[in-house]
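What follows is calculated from the coordinates using simple rules that are stated; it is not laboratory data. All of these numbers come straight from a predicted model, not from anything done at the bench. Ideal geometry is used to build each Cβ from the backbone, glycine not excepted, and the neighbour counts take in all protein chains shown.
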Amino acid sequence: MQEKLLMTPGPTNVPERVLSKMAEAVLHHRTTEYGMLFAEMNERIKRIFQTTNPVLTFPAAGTGGLEASIVNMFSKGDKVLIASIGVFGDRFIKIAKIFGLEVDEIKIPWGEGVTVEDIKGKLTDEHKALIVTHNETSTASTNPIKEIGEFMKEKNQLLIVDGVSSIGGIEAKMDEWNIDVLITASQKALMSPPGLAFVGVSEKAFEAAKKSTIPKYYWDFLSAREYLDKPVPENPYTPAVSLINATNEALKMIEEEGLYNVYKRHEVLAKKFRDETEKMGLKVFTNEKFISPTVTGFLIEEEGKASKIKKRMEQEFNIVIAGGQGKLKGKMIRIGHMGCVDEEMIDRTLNALRKCL
Ligand SMILES: *Cc1c(COP(=O)(O)O)cnc(C)c1O
């Protein structure tokens, strides 16, 4: 059987070059050797975020990055506006509520995206932040963060963006788009093993962190920054050294290909995937205005069919795909095409899908 493919929206395929870094000897995290590696990785991740702000690294799932953002930016009772277009927007709402924030919600029908028009009039002076997902993985929709960022430009509120399934696969310019907190994780478009959360933090956001009174210790952004700013950068606590080594290699590969070539590859392959699946009679779930270059979802109405397809794809073709989430559980299949993905992988997935249907 052919090598196993992870055509899921995370974790994604990890290139050999990156995997082999995981097998290297573990560096001690208080040595210059580690500090140099960490510094190198930091410069690279900042280029992917297109920012001059610090990007903090935590050993965590992406959700850890979301939670860290809430506990560092706010105090109990703070009011925020959260736009949700699916499961991950809803998750951010849940986390904010658990920490005692007052959440005003903009709920958009699934398969659509949130626009400036939807936000205008909803965002008031009482809100401390607007929180929005860049690429909603559960509905395969991408929000127009550039336009939302332009709208937020002269505003006092923070703009917090969940970029877990976009960063490295879809253009995002943290500085130019006025994003104050940008979160991602290693195991999606960054084609690294799971286990690292990255959080870009603007000066305005660090000022908010100084005022935040929600308790935190491990997640403290100010402490993470203090260690990052040392002449040889460090982390407050033992970092996931091997993952940092691996991700550094993945980021190097993105640089070798060229960030904008990587974005282009995602767009071209996503389009090919949609065109070919359309010919098979599959119906893309997402409104084409918000179509995602990193994940595609199809509504499969027939009872039990989605899970059958998923199972056959894995058992007969050694290709892992994802099902629906939340209210789309059992009614959808989702195929991730982010990070380490090439035309051959797309063709193999298309051929297998064709046979499964
Ligand atoms: C995957 C994902 C998350 C959660 O990441 P975990 O690493 O599973 O915690 C959050 N937001 C989005 C948009 C995602 O795609």
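Looking only at segment 47-144, where both bridge partners belong to it, what percent of the DSSP beta bridges are antiparallel (to the nearest 5)?
Numbers: 2 of 14 bridges.
Of all bridge pairs located within segment 47-144, approximately 15 percent are antiparallel.
Relative contact order for the chain: what percent, with Cα pairs under 8 Å and sequence separation of 6 or more? Present the calculation step by step, with values, prior to reporting the outcome.
Values: 758 pairs, mean separation 91.2, N = 357.
Once normalised by length, the contact order is 26 percent.
Relative to the present Cα-Cα distance, how much length would full extension add between residue 107 and residue 268 at 0.36 nm per residue of separation?
Numbers: separation 161, 0.36 × 161 = 57.96 nm, distance 3.04 nm.
Full extension from residue 107 to residue 268 adds 54.9 nm.
Over the chain, what lengths in whole Å, largest first, do the semi-axes of the equivalent ellipsoid take, defined as the square roots of 5 times the eigenvalues of the alpha-carbon gyration tensor?
On the way: eigenvalues 205, 140, 55 Å².
Computed over the chain, the values are 32, 26, 17 Å.
Full extension from residue 122 to residue 203: what is 0.36 nm times the residue separation minus their Cα-Cα distance, to one decimal in nm? If you can, show how the numbers build up before the last one.
Numbers: separation 81, 0.36 × 81 = 29.16 nm, distance 2.53 nm.
Using 0.36 nm per residue and subtracting the Cα-Cα distance, I get 26.6 nm.
Net charge around residue 75, counting only other residues with Cβ within less than 13 Å of its Cβ (Lys, Arg = +1; Asp, Glu = -1)?
Working: positive: 76, 79, 128, 210, 211, 216; negative: 78, 102.
Summing Lys and Arg as +1 and Asp and Glu as -1 gives +4.
Once Lys and Arg get +1 and Asp and Glu get -1 on their Cβ, which of 307, 244, 156 lies farthest toward the positive end of the dipole of the chain?
Ranked along the dipole, the leading option is 307.
For a 31 Å ceiling on Cα separation, which of these pairs sit above it: 97/308; 146/188; 79/310; 173/355? Don't skip to the end; give the middle numbers.
Numbers: 97/308 37 Å; 146/188 21 Å; 79/310 41 Å; 173/355 40 Å.
Cα-Cα > 31 Å for 97/308; 79/310; 173/355; rest within.
Scan segment 76-141 for trypsin sites (Lys or Arg not before Pro) in coil per DSSP, keeping those whose Cβ has at most 12 other Cβ atoms within 10 Å, and list them by number. Before the final figure, lay out the partial values.
Working: sites: 76, 79, 91, 94, 97, 107, 120, 122, 128; in loops: 76, 120, 122.
Answer by residue number: 76, 120.
By how many nm would the segment from residue 28 to residue 261 lengthen if fully extended, with 0.36 nm per residue of separation less the alpha-carbon distance?
Details: separation 233, 0.36 × 233 = 83.88 nm, distance 3.53 nm.
Length difference between fully extended and current span is 80.3 nm.
Pick out, in residue order, every one of the trypsin sites (Lys or Arg not before Pro) in segment 216-300 that is DSSP loop and has at most 15 other C-beta atoms within 10 Å; say none if there are none. Kindly include the intermediate steps, with their values, before the conclusion.
Values: sites: 216, 225, 252, 264, 265, 271, 272, 274, 279, 283, 289; in loops: 216, 283.
Qualifying residues, ordered by number: 283.
Hey, rough spin-label estimate for residue 211 and residue 355, points 7 angstrom out along Cα→Cβ, what's it come to in nanometres?
With each label placed 7 Å out from Cα toward Cβ, I get 6.0 nm.
Taking neighbour counts of Cβ atoms within 10 Å as a proxy for exposure, in what order, fewest first, do 137, 52 appear? Don't jump to the answer; show the numbers that get you there.
Details: 137 28, 52 11.
Going from least to most buried by this count: 52, 137.
What pairs from 122/210; 153/230; 128/329; 153/216; 107/329 go past 24 Å between their alpha carbons?
On the way: 122/210 27 Å; 153/230 31 Å; 128/329 33 Å; 153/216 29 Å; 107/329 19 Å.
From the list (122/210; 153/230; 128/329; 153/216; 107/329), the Cα-Cα distance tops 24 Å for 122/210; 153/230; 128/329; 153/216.
Using label points projected 7 Å from each Cα along Cα→Cβ, tell me how many nm separate residue 280 and residue 305, to one decimal.
With each label placed 7 Å out from Cα toward Cβ, I get 1.3 nm.
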